[in-house]
Amino acid sequence: MKILMQSRINLFTSSGGDTIQLLKTKEYLEKKGISVDVSVELEPDLTDYDLVHLFNLTRVQETYIQIMNAKKQNKPIILSTVYWPSHEFEKIGQTGIRGLISSLLSVNQIESLKAIYKYVFKNERNKGTRYLMTHSFNAMQREILKASDWFLPNSRLEMEQIEQVLNFKTEKYTVVPNAIDKEKVLSALEEDVTEFDEFRDYILCVGRIETRKNQENLIRALEGTDYKVLFVGKVAPSHQGYGTNVMRKIEENPNYKYIDSISNDMLYQLYKKCKVHVLVSWFETPGLVSLEAASMGCNVVVSDRGTTKDYFKDYAFYCAPNDIESIKEAIEKAYAYQYKTDFREYILENYTWEKTAEKTLEGYQKVLEKYNI
C-alpha cells in the first residue's frame, strides 16, 4: 500500500497542530509497513499511489485543487477534516481593522478578501488562491466533501458541525483521535531535568501568538492577580499587530515570562514543572499542547469551543473565550485543584499515535476495498 499525504503549501513554514498530526500519522503508519509520502504540491502526478490522503477542510484553497487533481487521476480519496466553523471567531474574535471588516461581512466574503490579501501581500499566487478569490468558500468546502470517499475526523463533533453548517451528512467516516507520543511521555516522566526549575508551579500557555489563540483575553483575565505565567510560542507572521500588543503586555508584567520557541522534547520537561496549562482559543480540535500538558501532570484550562469536551470529558476546566470572568474562574479552580494521575492514564489509554495509525489504516482499508485495490 502506497499513500500520498497532501496538505497546505505552508505546512512546514507555518507549522501547527495539523503539521504534527500529519507527520506523526505518517511515522506510525510506516511502523506498520505502509509506504507514505508527503506533498504540498497542488497537482502532482499520482501514478505511483494507491490512495490520496488530504488534510484540512478549513483552508480550502489548496485542498480544493488537490482533490480535483486526485479525482481527475481516478484516485481514492481520504479526507482528514481538521474542521471547526470559524464564523464566531471571525465575527467576535478578530481585532483591529480586520475585526471591524469581519463584523460587517459574510464568511464567504471574508474568505475571498483573505485570499486577495494573501495573493497581493503574501505572494501566495497559486491556482488555489486565485480560485478562492472569485468563488464561494462554503461551496468549495461542499465540493471537497462530495469528492471525498471517506472521512477521518478527530471527533464525532466535527462531523456534526459539518452536517449543521455545510448541510452535508454521511456515515462514511472513522473517528481518528488526535494524540500524543506515549513513549515520549513515559521517557520524560522518568527524566530528572533541572533546567526549568525556575518555572515550577507556573501557569503555562503554549501556542502561536495570534487572535485565534486568544492570549490577549487570557492576559486580561489575569489582571490584578499574582499568578506567574510563562508564554511559549512565536508571533504568527499574519498577526504582527496583535502579537505586538501581546508582547508589550508580557514585557510590562514582572510576573510574566516569554520563550519564543523550544524543542518538543524540552517542552515535555517544561510541562512537568508547571502547574496549569491554559489554552483559551476561540476553538480547538482539541489542542495537542493541552493533551501533552495533561499527560505530564498539568491541570488544563481549555476553551469550551471546538472538540475539547469530546476529549477531556470532566477532567479539564472549561471557559468561554469571550468571557474574561469565565477564564479567570476556570484558572482559579484549576490552580487550586490537586492533579489526579487518572487524567494521565485516561489520555495514555485513549489518545496515542498508535491508535491514530490503527484508525487511519481502518479508513484506508474501507476505501481500498471499495475500489478493489
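Taking the chain as the reference, fit the longest principal axis to its C-alpha atoms, fit the long axis of helix 353-370 to the helix C-alpha atoms, and give the angle between the two in degrees, 0 to 90, nearest 10.
With both axes taken from Cα atoms, the answer is about 20 degrees.
Can you give me the distance in nm between label points at ASP226 and ARG142, each placed 7 Å from the Cα along the Cα-to-Cβ direction?
Distance between label points: 5.8 nm.
Using alpha-carbon positions, what is the distance between the centroids of segment 355-373 and segment 108-162, in Å?
Comparing the Cα centres of segment 355-373 and segment 108-162, I get a distance of 25 Å.
Can you give the FRET efficiency to the nearest 0.05 for GLN164 and GLU198, using r as the Cβ-Cβ distance and R₀ = 41 Å?
0.30
Over the chain, with a Gaussian network built from C-alpha contacts below 10 Å, which listed residue (LEU113, LEU104, LEU79) shows the highest mean-square fluctuation?
Answer for the Gaussian network model of the chain: LEU104.
With each label point set 7 Å from Cα along the Cα-Cβ vector, what nm distance links LYS32 and ASN350?
About 2.1 nm separates the two model spin labels.
Nearest 10 degrees is fine. How inclined is helix 341-350 to the longest principal axis of the chain, computing both from alpha carbons?
It is inclined by approximately 10 degrees.
Rounding to the nearest 10 and keeping the result within 0 to 90°, find how far the Cα-based axis of helix 137-147 lies from the longest principal axis of the chain.
With both axes taken from Cα atoms, the answer is about 60 degrees.
Taking Cα centroids, how far is segment 202-261 from segment 1-74 in Å?
33 Å
Contour minus end-to-end for TYR117 and THR95, with contour as 0.36 nm per residue of separation and end-to-end as the Cα-Cα distance? Numbers along the way, then the final one.
Details: separation 22, 0.36 × 22 = 7.92 nm, distance 1.65 nm.
In short, 6.3 nm is gained.
Under the definition of Cα pairs under 8 Å and six or more residues apart, what whole-number percent is the relative contact order of the chain?
Working: 663 pairs, mean separation 62.5, N = 373.
Computed value for the chain: 17 percent relative contact order.
Would you mind calculating the gained length between THR13 and GLN365 on full extension (0.36 nm times residue separation, minus the Cα-Cα distance), in nm to one decimal?
On the way: separation 352, 0.36 × 352 = 126.72 nm, distance 3.18 nm.
Net length gain for the segment: 123.5 nm.
Multiply the residue separation of LYS333 and ASP48 by 0.36 nm, subtract the distance between their alpha-carbon atoms, and state the gained length in nm to one decimal. Don't skip to the end; give the middle numbers.
Numbers: separation 285, 0.36 × 285 = 102.60 nm, distance 5.40 nm.
Contour length minus Cα-Cα distance gives 97.2 nm.
Students often get this wrong, so check it: of LYS313/LYS340; LYS275/LYS333; LYS182/LYS359; LYS31/LYS359; LYS184/LYS309; LYS75/LYS146, which have C-alpha atoms separated by over 20 Å?
Numbers: LYS313/LYS340 14 Å; LYS275/LYS333 12 Å; LYS182/LYS359 17 Å; LYS31/LYS359 14 Å; LYS184/LYS309 25 Å; LYS75/LYS146 14 Å.
As for pairs spanning more than 20 Å Cα to Cα, those are LYS184/LYS309.
Which one, LEU348, ALA188, PHE312, is farthest towards the positive end of the dipole of segment 182-350 when Lys and Arg carry +1 and Asp and Glu -1 on their Cβ?
Final value for the positive-end residue is PHE312.
What dipole magnitude, in Debye to the nearest 20, does the chain give about its Cα centre under +1 on Lys/Arg Cβ and -1 on Asp/Glu Cβ? Working shown, then result.
Values: 49 positive and 53 negative charges, 235 e Å.
Charge dipole, the chain, about its Cα centre: 1120 debye, nearest 20.
Would you work out the relative contact order for segment 182-350, in percent, from Cα pairs under 8 angstrom that are 6 or more residues apart?
Working: 294 pairs, mean separation 39.4, N = 169.
It comes to 23 percent, rounded to a whole number.
With N denoting the number of residues in segment 182-350, provide Rg(C-alpha) divided by 2.2 N^0.38 Å, to two decimal places.
Values: Rg = 14.8 Å, N = 169, 2.2 N^0.38 = 15.5 Å.
Rounded to two decimals, the normalised Rg is 0.96.
With 10 angstrom as the radius, rank LYS26, LYS31 by how many other C-beta atoms surround their C-beta, starting from the fewest.
LYS31, LYS26
Can you put ASP323, ASP342 in order, fewest other beta carbons within 10 Å first?
On the way: ASP323 15, ASP342 10.
Final ranking by Cβ density, sparse to dense: ASP342, ASP323.
Testing the spin-label approximation: label points 7 Å from Cα along Cα→Cβ at GLN109 and ASP342. State their distance in nm.
Here the modelled spin labels are 5.2 nm apart.
Would you please state which residues of segment 265-291 a label at GLU325 would reach in this model, taking the label point 7 Å out along Cα→Cβ and a backbone N cut-off of under 12 Å?
Once the point is set 7 Å along Cα→Cβ of GLU325, nothing inside segment 265-291 turns out to lie under 12 Å by backbone N.
Since every read-out is calculated from the coordinates, none of them should be taken as a lab result. Remember, predicted model here, so these are calculated numbers, not experimental data. Reconstructed Cβ throughout: ideal geometry from the backbone, glycine too, with neighbour counts over all protein chains shown.
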